[in-house]
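Here's the structure we're looking at; comments come further down.
The values are calculated or read from the model by the stated rules, or taken from the named source; none is laboratory data. The structure displayed is predicted, hence computed values, not measured ones. Cβ placement follows ideal geometry from the backbone for every residue including glycine, while neighbour counts extend to all protein chains displayed. The accessibility values were calculated without ligands, DNA or RNA, using every heavy atom of the protein model including side chains. Shrake-Rupley method; radii C 1.70, N 1.55, O 1.52, S 1.80 Å.
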Amino acid sequence: MSNLQGKVIVITGASSGIGQATAQALIQAGANVMLAARRVDRLDAIVKALGDKAASLVTDVTDRKQVLALADETLKQFGRIDGWVNNAGLMPLSFLAEGKVEEWDQMVDVNIKGVLNGIHAALPSMLEQGFGDVVNIASVAGHVVFPSGGVYCATKFAVRAISEGLRHELAGKIRVTIISPGAVATELTNTITSDTVIEHMKPVFDIAIDPKAIADAIVYALSQPRDVSVNEMVIRPTVQEL
Ligand code: NDP
């Protein structure tokens, strides 16, 4: 029997891409999943396809009250929270001189504050039960910085820093895993509005891998015995250089 049989895992940004693939992989591994994102039509369709071990709540991760309500709803429907995957994110890459200040704010709000809101909502019940898993989706962009990536990379470096802080502070109680994907074929590049960057990034995303590769890594980390903590994985397409 899988170690994930009957476990309850919350996934943010589960309406597409890596989050959706993770929900599918976790259901296959025997877990229950609570999917969160803003697009209700997408969430409803995914939950319908996944069956009765899946549920969803429309949640904007930038709104702390909504994220706390997501934890409450998960406890109400499934009785506990074993794992929380902070996956919601966006990547409107641009050059700093383009001054796309609203996109900078959005990235800080979703990619950093959204992760903090998730940790804040997940910890109380996990600490009460004495264990829990937090999986934070960072990026190769949390390891290297490239032109047009100044703000996005900063948010992903922040995700890794926050994750390390959490791991140090709660070692022995909460397992923390950082997943750093390279190019993955999802809707992420749709958020780029800078024409020059769209052109620049095309070759990078032509080699993108299936989100299932990332979902399988998350299942691997979550299925380890409790004395084993998978702290970080970097997963690139084989041909990706950056
Ligand atoms: P997608 O664009 O396919 O998925 C992003 C998800 O985040 C969607 O479900 C979206 O749902 C959700 N989301 C965005 N803003 C919010 C918000 N305010 N509140 C709640 N949910 C939100 O891209 P990916 O699957 O690729 O992205 C998932 C994560 O993986 C991101 O953190 C991204 O940075 C990271 N990543 C992706 C890589 C790639 O190459 N694809 C590489 C490295 C890291 P909705 O719009 O319905 O709210």
Taking amide H positions as placed in the peptide plane 1.01 Å from N, state which residues far from Val135 in sequence (5 or more) or on other chains have amide H under 5 Å from it.
Trp84, Val85, Asn86, Thr177
Quick one: if the Förster radius is 35 Å, what FRET efficiency do Ile207 and Leu68 give, using the C-beta to C-beta distance and rounding to 0.05?
0.35
Take the Cα coordinates of the stretch 8-233, assign each an equal point scatterer, and use the Debye formula without solvent to give log10 I(q)/I(0) at q = 0.08, 0.12 Å⁻¹.
-0.26, -0.60
Can you give the translational diffusion coefficient of the stretch 65-191 in µm²/s, computed by Stokes-Einstein from the Kirkwood radius over Cα pairs at 37 °C and 0.692 mPa s?
213 µm²/s
Whole number in Å², please: accessible area per residue of the chain, 1.4 Å probe, ligands, DNA and RNA not counted.
46 Å²
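Could you work out [θ]222 nm for the chain from helices alone, using -39500 (n - 2.57) per DSSP H run of at least four and dividing by all its residues? Round to the nearest 500 deg cm²/dmol. If you can, show how the numbers build up before the last one.
Values: 8 runs with 104 residues, N = 242.
Helix contribution divided over all residues of the chain: -13500 deg cm²/dmol.
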For Leu90, which sequence-distant residues (separation of 5 or more, or a different chain) have an amide H within less than 5 Å of its own amide H, given hydrogens modelled in the peptide plane?
Asn111
Accessible area of Asp227, 1.4 Å probe, to the nearest 10 Å²?
140 Å²
Of the cross-linked pairs Lys7/Lys173; Lys113/Lys156; Lys7/Lys65; Lys113/Lys173, which ones have a Cα-Cα span greater than 19 Å in the structure shown?
Lys7/Lys65; Lys113/Lys173
The ³J(HN,Hα) series, computed from each phi in the stretch 68-73 with the Karplus coefficients 6.51, -1.76 and 1.60 at θ = phi - 60°, rounded to the nearest Hz and given as x for glycine or proline, is 5, 5, 5, 5, 4, 5
Most to least accessible of Val145, Val159 (protein chains only, probe 1.4 Å)
Val145, Val159
Leaving out ligands, DNA and RNA, and with a 1.4 Å probe, what % of the accessible surface on the stretch 1-99 is carbon or sulfur?
49 percent
Only residues of the stretch 1-42 count here: report those whose backbone N is under 12 Å from the spot 7 Å along Cα→Cβ of Lys53, or say none.
1-9, 23-34
Taking θ as phi - 60°, what are the ³J(HN,Hα) couplings along the stretch 6-18 by the Karplus curve (6.51, -1.76, 1.60), each to the nearest whole Hz, with x for Gly and Pro?
x, 5, 10, 10, 9, 10, 8, x, 9, 8, 6, x, 5
Kindly list the residues of the stretch 211-242 that lie in the label zone of His168, defined by a backbone N under 11 Å from the point 7 Å along the Cα-to-C-beta vector.
none
Difference of contour (0.36 nm per residue) and Cα-Cα distance, Asn231 to Gln129
34.6 nm
Whole-Hz ³J(HN,Hα) from phi, Karplus 6.51 cos²θ - 1.76 cosθ + 1.60, for the stretch 55-63, glycine and proline x
9, 9, 9, 5, 9, 9, 5, 7, 9
For His120, the accessible surface traced by a 1.4 Å probe with all protein chains present amounts, in square angstrom to the nearest 10, to 100 Å²
